[in-house]
Each structure stands twice: as structure tokens, then as C-alpha cells.
1. In debye to the nearest 20, how big a dipole does the stretch B:241-313 give about its Cα centre with +1 on each Lys and Arg Cβ and -1 on each Asp and Glu Cβ?
2. Can you give the translational diffusion coefficient of the protein assembly as shown in µm²/s, computed by Stokes-Einstein from the Kirkwood radius over Cα pairs at 4 °C and 1.567 mPa s?
3. Taking all protein chains as present, what is the carbon and sulfur share of the accessible area of chain B, in % to the nearest whole number, probe 1.4 Å?
4. Going through the DSSP H helices of chain A, which span 30 Å or more along their own axis at the Cα atoms while scoring at least 1.6 as a mean Kyte-Doolittle hydropathy?
5. Dimensions of the stretch A:20-288 along principal axes (Cα, Å, largest first)?
6. Please find the FRET efficiency linking B:Arg300 to B:Val32, where r is the Cβ-Cβ separation and R0 is fixed at 45 Å, and quote it to the nearest 0.05.
7. Assign unit charges at the C-beta atoms only (+1 for Lys and Arg, -1 for Asp and Glu), then state the dipole size of chain B relative to its Cα centre in Debye, rounded to the nearest 20.
8. Mean-square fluctuation check for chain B, GNM, Cα pairs under 10 Å: which of B:Thr162, B:Thr293, B:Thr178 is largest?
Amino acid sequence: MSSPDADATAARSVDQSANTFAGDVWVNFKRWNLKAVRNPFVLVVSLVQPIIFLVLFTEVFGNVAGAAVSRGGPNVGYETFLVPAISIQVALAAAVTSGVGLVNDIENGMFEKVLVSPMNRTAVFLGKTAAELFRIAVQISIILVLGVVLGAEIATGVAGAVGVVAVGLLFSLWFVSFSNALAVLTRDQESTIIGANLLQFPLLFLSSAFLPLSTLPSWIQTFARFNPVTYGVDAARAMMLDADVMVVIETTAFGGALDSVVPAVAVLATIDLAFGAMAVYLLSRASSSDVQ
Amino acid sequence: MERTASDGTGESATGNAIDADELRLVYGDGTVAVADVSLSVPEGEFFGFLGPNGAGKTTSIKVFATLLSPTDGTVRVNGFDVRADSRQIRETIGYMAQETSIDPEMTARENIQFACEAYGVPRTERDDRIAELLDLVDLADEADKRAEEFSGGMKKRLDAATALVHEPPLVFLDEPTTGLDPKARNRLWDYFRAINDRGTTIFLTTQYLEEADQLCDRLAVILDGEIVADGSPVDLKRRVGGDVLEVGLDGGSEARDRAAVVAREFGAFESATVEETADGISVTAATARQHGTDLLVRLRDEGLTVTGFNVRAPTLDDVFLAITGDHVEELDGASGPATPAEATAQEGDR
């Protein structure tokens, strides 16, 4: 600091130079990863339900659903059809914990402690979100490996698998934003969990996740058109099957799987922006007016 | 305030750590938490901010710490404006909130480590600083246990450690020793004194008037969002108007009533204040020491049985009673800090 008082206060070791934006992101990234490792329960619970779905659906509905899939969509085994959907389910389930983490921080005073520190506030939330995205990427990878073990085929190989993870991350952002918005608005852990979980099943079932849309009632088809899950699942599935599987937006401009992936990614990015803006607005309002 | 440099260089033209001029803060729901507070805290001072719950202590601290933006008035902290230069202020203050603020999922060491990183304590100094602070708050043996296993007092001590990692020139302590046992409290007092001796300005609020008396160079009393008295502890006690004679009596409330009448009519005291206490009466008067025994003799002559007596200098409790009147009960009645669950609903405690 260029203060003339600097000499007089030389004994005081306030170090401003050490705080950089990237440094602040890193500090918070580390903290939230540490907390995730400390709390394996959260990690496991958000994986267990999708895994149960993956195993039970393929075992119980495999034969019936497989026929429906062949009739109304790509000619692949149900495992292969289901794995992209479960990947999106993992993203959805894990995104809820982002808001829960924020509520916990508000409740135990860490939110205020961080606000009163010189850390850049944008960097603080970036670091936290990055840690959550990292965790989602790990969890989706686990699902992909498990799916392959169960007999799913990834037509595009490792590159396709990376693509599925990337789509899962892109998809998760809007729900991460949504759960943080819930957290700021309710400031209550139970409400945040219930609010976010309540939406999970309708979102999953009223989409192209478990069966091809053409085999579903028309009201579901209509709803699915406005459901972000449809776009996430279709993009992931197109990448996994290397085929254009999306029916809610039909285009042939890009060729092959890209006819699904490009429009779906565009839609997801738009939704992310909208929800992200809302979360940023609510968070900055909460930050500037303190925890009232 | 016009004298102060407004270019954000942080030059404190006044030599004050805090300059608040007509600070006013009104919450969104219309609650006037701070009506009109003007105060200056010179660099290096150990300043105490007292007042009953809901008087505006915590709200004022939150404005100084840049957590709340003032509705009106000018506030400069370490020479920086709270509205324009909040980041510079955050770099140069330590803040210990009223509600204990630690991450229960991390160990004591990790909590302090995180604070070091948040405040940019140089990497080379971190390990030493962490060890020093753990030792200071007596948590060295528990350093690698998760904070969720700690008792309330241990959590509070850990919180104190995290507020001091960057050795800031100005530290805000909002009821730092609430809920601590006497040993832990004394330990923290020693440290607060030590960092104050090194030149650190300390802004303290407390429920314990004894704590304020022990530690503070100067005190201000806030009531309903306005400062109603300030001065050194000795100054404030002098304003009570003399020493206090406490007399214990047999015979219940009837005896106390009679004794109070006798004391009020007792000619040797000029302008005495007489109050009935739980087991007798208390008389505050300038000449309580000189003529105290005369009063005792008079009471015996009136047929009252004196079971005990004591002449003492006034304490801050007496000051408080005199200044805040009815409000003092709220202060005494207040126990530990609000639990996190209550924190959202405790509008009245700001």
C-alpha cells in the first residue's frame, strides 16, 4: 500500500500482494474439495440413487424397454440407452449439494467470514462451483465405467466419454444455479434439499431420459420439449451412440451426432445463462446486505 | 471529514483508526438500528462499545467491517471510506463475529490455514503463524481434530485465532469471550492486551462490564442507536457520584424500607442515592467512606440489625445502571451468543 503511514505501521504484516484472483479461486476450490472428501456420505448418497436406477432399470425393464427403444429410437441395448440419462441424473443430484453447501456456510458463519475477508467475491463462488463441477465430473465418470461393466457401449470411445462428462457439466450449471438460488431464498437446509429433490423425478421422467419420446404420451412429449433434461440427455446420448437422437429440434445442418449435440448445447448454454444470472443476482444481493 | 484524504490512498489524516460521523443505518424493513452515531477511535486505543441488546452495537460493527452499507453519514476505517474502499478496509481489519464462525467439517489447523490463505499471509510465515495461534488459544493438542467435536468455548477460541492471522492494525471483537470459562477468558484477555501493546487498535463489544473495565482505555455506551455516554472507565465511574456503601440487614422488606428512609434522611451525606437490594440497602454518596460508620450506628439506634457492610468504589455496573436504567436488565439477562438457527430471526439483537 502506498500509504505514507507505511513506515509507522511496518510492524503490521498485512500482506496485500499475496491475494490474486486465481489464488482466491484456488483457495476456495481446495476448501470445498476438502469438505467433500471429509463428507463422503454426500458423495456416496448422490451416487447411490442413480446407480440403483441404472442397475434396476436395466435388469427389470431391460427386455421390455429395450424393445420400445428399438421401436421408437436407436437400435441399441437398454444399458447403452440408459447410461447417458443416468449421467444427467448424477449431475442433477450432485448439483443440489451446491446449494446445501451454501446454506451450511450461511448457518455456521463462514459465509460472513468470507465476505469480510479481502478475497474477491466472484473468485470465492467460482472456486466453490469449480470444486462442485470437479466432483460431478468424477461421479459421471464412475457411472460411465459402471455402465460399460454392465454392458453399455460407447460408440465414440474415450473421446465420447469425455464429451458425455462435458455435457453433464454444462447441464449441471443451471441446476447448481437453481439450488444456490433456493439456498439464498430459503436459508434453510431442509427446504433447499426438499425443493431441489422434489423437482428431480418429474424432470427425469418427463423427458427423453428413460424411453424414446415417440413412445410416450403426447403431453409428456410437450413437456419434454421445455425440459432441460431432454437436451442434456439427448446431447449425451448422441455422443455416446454417435447418432442424431434428438427429436425436439430437428436439423441436418451439422451432420450425424452433431445435429443433436450442437442445438442441445446451445439450448443448455442459454438456460445456464438465465439461471446463472438469477443466482449471481441473488448472491450479490445477499452478499452486499449481509446475512439478514 | 472534509479534511481526510478522499483519494483512497488510505492516509489517515486524523490518526484515527475509526472516524464515524452521523452514522445512521435503517434496515430494509424500516427498523432504525443505528440512529446517529459519531465516534472516533484513535490508532492504538483499546475501545469498548457497551449497550443493552438491540442498542445497535453489532450493527455499528458490521458497518465498520463493511458488511453493511450505512444509510447515511460518513465512516472511515483505517483512513478508507466504507463505501468506496471496502476492499482496502477488509485487508486491514480483523473481525470476530458475535456468532461463532468456523467450519465444523475442517480441523482447527485447517480453519486457521484457510484464514491465512484468505488474508494472504505469506506461505513462508504460515506454519509458524498457525502454530503460534494454536498455542495461544490452547488448541495445539486438538489441532487436527475436526471443529465439530469442539466444545462451545473451544470453537470460540478457534474463531478468535482465525480473526487474527494477518495481524491486522485494527480488530473488531463482537462479544469475543461470551460463553468462555474464566481460564479461557483470561487467556484471551492476555492476548488482546498483548496485541494492543504492539499497537493494534481494538474495538470491543462485551456483555461483561468487568471485561470492559479490565481491558478498555475508553468506553462508549450506546442506547437505542445513539451514544449516550463516553469516557475512560475511571471517568464514567466518577460520574456515578461517589462510593457505594452496601449494608446487609435482618428483617426482610419492612426493615429494608425503614433503613432506606433512615439513610435518605441521614444528614451527613450530601445528595445520596439510596436503593434497596436483595438483602439490605445500598447508598451511593461522595462521603460514603467518611460517614459510613455513622450511618451504621444510626441504623442500630433505630433498632435495625446490620448483618454486614461493605464500602466500595463504583463499578461499571453502577455506571450502567445509572445510564441505561431499565435497559440494564436486558443486558444482564442476556446469556451466550445467539445460536446459528436464531441468527436469521434476531433482528432485535442488532
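1. Result for the stretch B:241-313 is approximately 180 debye, rounded to the nearest 20.
2. 46
3. Carbon and sulfur: 43 percent of the exposed surface of chain B.
4. Correct list, ordered by number: A:157-186.
5. The Cα atoms of the stretch A:20-288 stretch 59, 35, 33 Å along their principal axes.
6. The formula returns an efficiency of 0.25 here.
7. For chain B, the charge dipole is close to 480 debye.
8. Largest GNM mean-square fluctuation: B:Thr293.
The values are calculated or read from the model by the stated rules, or taken from the named source; none is laboratory data. All values derive from a computational prediction rather than experimental measurement. Positions of Cβ are generated from backbone atoms using ideal geometry, with glycine treated the same way; all protein chains shown enter the neighbour counts. Just so you know, the surface numbers come from the protein's heavy atoms only, side chains and all, with ligands and any DNA or RNA stripped out. Shrake-Rupley method; radii C 1.70, N 1.55, O 1.52, S 1.80 Å.
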